[in-house]
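The values are calculated or read from the model by the stated rules, or taken from the named source; none is laboratory data. Owing to the predicted nature of the structure, the values given are computational and were not obtained by experimental measurement. Every residue, glycine as well, gets a Cβ built from its backbone with ideal geometry; the counts of neighbours run over all protein chains shown.
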Amino acid sequence: MNKKELRNMKLLEATDELIKLAKEDVPVRDKGYYTEQLIYQRGLYLRAEVENNILKVAFYLAEYLSTDCRKPVYTLYIDKKNDVFKGYDYRTKKWSESMLDKTIFSKWLYQENSYMKEADTALIQKYLESEYDDAFYALYVYQREQRHRRLGIERLAEMAEKSGNYPEFYLLSLQP
């Protein structure tokens with residue numbers, strides 16, 4: 001999965017339905033002690049598609065969709081066959097191998113207030129062979145497991161289990 005191949009793929013633009021939902025997603029001002037921020041009911045919208053056996057997941061923020069911006073903020077590409085993933089951040093125009101919990105989307109990871117059509121959710125679950133109902137969390141779990149495989153954590157786990165000696169960094173890596 002090279003960057004040139006990914007760049008040549010069709011851009012997953014926001015649908016009219018997503019823009020309509022985002023416009024209805026009126027933010028509420030949340031005044032903190034030092035800061036004031038806008039909180040959306042959903043805030044994050046996702047679409048998914050498989051092209052050339054690669055899963056593409058586009059991430060849109062409500063503040064952009066509500067201004068009729070159809071371009072995603074971020075697109076995650078997953079090639080399950082080759083066990084790799086890459087992301088492209090359209091704001092910084094950079095490629096990334098960051099996991100979703102290390103991006104601006106981390107606050108939606110454990111909240112169930114993002115929006116994705118049921119068909120897209122089913123597509124992600126089927127592609128990743130995931131049992132999680134929340135497709136966004138399923139993406140994160142896939143990334144975490146892939147990263148563990150890549151770093152050889154499974155081998156570490158086997159060795160630790162045999163010896164009964166669990167290194168601290170291994171125990172921390174098991175936490176979500």
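Points to keep in mind about this one:
- Residue identified as modelled with pLDDT under 90 and of a type outside the set (Lys, Arg) among Thr103, Thr121: Thr103
- Annotation note: Cβ proximity below 7 Å between a residue of the range 39-62 that is more than 19 Å from Asp16 (Cα to Cα) and without any contact (Cβ under 8 Å) to a residue 24 or more places away in the chain and a residue that is assigned to a strand (DSSP E or B) and of a type outside the set (Lys, Arg) (sequence gap 6+ or interchain) occurs for Ile39/Val28; Ile39/Asp30.
- Annotation: Leu65 fulfils all but one of (1) farther than 23 Å from Tyr127 by Cα; (2) touching a Lys or Arg at 6+ places or on another chain (Cβ under 8 Å); (3) surrounded by fewer than 20 Cβ atoms within 10 Å (Cβ to Cβ); the unmet one is (3).
- Looking only at the range 136-165, residues that are modelled with pLDDT of 85 or more and either surrounded by 15 or more Cβ atoms within 10 Å (Cβ to Cβ) or not in a helix (DSSP H, G or I) (or both) come to 9 in all.
- Being touching a residue at least 40 places away in the same chain (Cβ under 8 Å), crowded, with 17+ Cβ neighbours inside 10 Å, out of contact with any Phe, Trp or Tyr (no Cβ under 6 Å at 6 or more places or on another chain) and among the aliphatic types (A, V, I, L, M) is true of Ile19.
- Test: residue in the range 43-51 that is at pLDDT 90 or above, of a type in the set (Val, Ile, Thr) and closer than 21 Å to Tyr127 by Cα: yes
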